[in-house]
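The values are calculated or read from the model by the stated rules, or taken from the named source; none is laboratory data. What you are looking at is a predicted structure, and each value in this text was computed from that prediction instead of being measured. Here the Cβ positions follow ideal geometry from the backbone for every residue, glycine too, while neighbour counts run over all protein chains shown.
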């Protein structure tokens, strides 16, 4: 459903736009959004809804990972960089060298769900057990109360903000085991886990489905409610970075994402709204 590269072009009917009242027009008629595959569903749904109203604006939405998005903002090939982790100091320095002032816009909250195959009887893991699985100290599900079955570790590539956050919050920044199978997106992780009975992976809450099972972490279920109340520890902010404070059509889009309608779309996509 969510591909790593998406181009969206939606033209609203003239009658529909007319019914919306006075709709502002913008000097810039297009936006390019790149980056996090976690934020991708939010950007996609908000872009479609925005273009339904602003029929003269075309928005291209692409994935690739948080690092790709921020690099694209720095080199001027996108207007908005989606990120599931904060911008790094070295990225800020590079941006300034290129005359870019990376401006942080928090658009949602999210939890990182640890996922297994639905047939796996293990319903919960501690942070310590997750760390040992991902660093190679635990290699069989029987070591954590499961079946006598090899653990297949699914992880993200280093360009991923989800990887960066998971590595910090769950692994204390230790290296992932060498035999881990690296995937390029949250969707790819979920698909790999759904096809492999012994697999374990991690993805944003928006990628939980009947095809995978989210396990409790330190006894806490991976839900939006538990992210909000602070009991679920694998949680983070989601960002849209812009070059300086948003202006023009960029500001209009960010304002839409942060509006009541935009935050409804955030929730529908499976994430935690700010309002």
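Among residues that are surrounded by fewer than 17 Cβ atoms within 10 Å (Cβ to Cβ), in contact with a strand residue (DSSP E or B) (Cβ under 9 Å, 6 or more places away or on another chain) and not assigned by TED's automatic domain parsing to the domain that holds residue 83, residue 181 is included. Is it true that residue 91 is surrounded by fewer than 17 Cβ atoms within 10 Å (Cβ to Cβ), modelled with pLDDT of 95 or more and in a helix (DSSP H, G or I)? Considered against the rule, which asks whether it is surrounded by fewer than 17 Cβ atoms within 10 Å (Cβ to Cβ), modelled with pLDDT of 95 or more and in a helix (DSSP H, G or I), residue 91 comes out as no. Look at (1) more than 27 Å from residue 275 (Cα to Cα); (2) assigned to a strand (DSSP E or B); (3) assigned by TED's automatic domain parsing to the domain that holds residue 61 and you find that residue 99 fails only one, number (2).
Could you check, for the range 171-178, whether at least one of its residues is within 28 Å of residue 81 (Cβ to Cβ), touching a residue at least 40 places away in the same chain (Cβ under 8 Å) and surrounded by 22 or more Cβ atoms within 10 Å (Cβ to Cβ)? No.
Conditions tested, residue by residue: (1) touching a helix residue (DSSP H, G or I) at 6+ places or on another chain (Cβ under 9 Å); (2) farther than 20 Å from residue 219 by Cα.
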| site | (1), (2) |
| --- | --- |
| 69 | yes, yes |
| 72 | no, yes |
| 79 | yes, yes |
| 92 | no, yes |
| 101 | yes, yes |
| 108 | yes, yes |
| 119 | no, no |
| 140 | no, yes |
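Restricting attention to the range 231-275, and to residues there that are out of contact with any strand residue (DSSP E or B) (no Cβ under 6 Å at 6 or more places or on another chain) and on the phi > 0 side of the Ramachandran plot, which single residue is surrounded by the most Cβ atoms within 10 Å (Cβ to Cβ)? Per the stated criteria, the residue is 270. Identify the residue in the range 216-230 that is touching a residue at least 24 places away in the same chain (Cβ under 8 Å) and more than 19 Å from the chain's Cα centre (by Cα) and, among all such residues, is surrounded by the most Cβ atoms within 10 Å (Cβ to Cβ). The qualifying residue surrounded by the most Cβ atoms within 10 Å (Cβ to Cβ) is 217. For the range 44-61, a residue qualifies if it is surrounded by fewer than 23 Cβ atoms within 10 Å (Cβ to Cβ), assigned to a strand (DSSP E or B) and touching a helix residue (DSSP H, G or I) at 6+ places or on another chain (Cβ under 8 Å), and exactly one does: 58.
From the list 167, 120, which residue is free of Cβ contacts under 8 Å to residues at least 40 places away in the same chain and in the same structural domain as residue 188 (by TED's automatic domain parsing)? The unique qualifying residue is 167. The numbered conditions (1) part of a helix (DSSP H, G or I); (2) within 16 Å of residue 44 (Cβ to Cβ); (3) in contact (Cβ under 8 Å) with a residue 24 or more places away in the chain are all true for residue 240 except (1). Sort out which residues of the range 186-202 are modelled with pLDDT of 95 or more and touching a strand residue (DSSP E or B) at 6+ places or on another chain (Cβ under 6 Å), and write them in order of number. Result: 189, 190, 192, 193, 196, 198, 199, 200, 201, 202.
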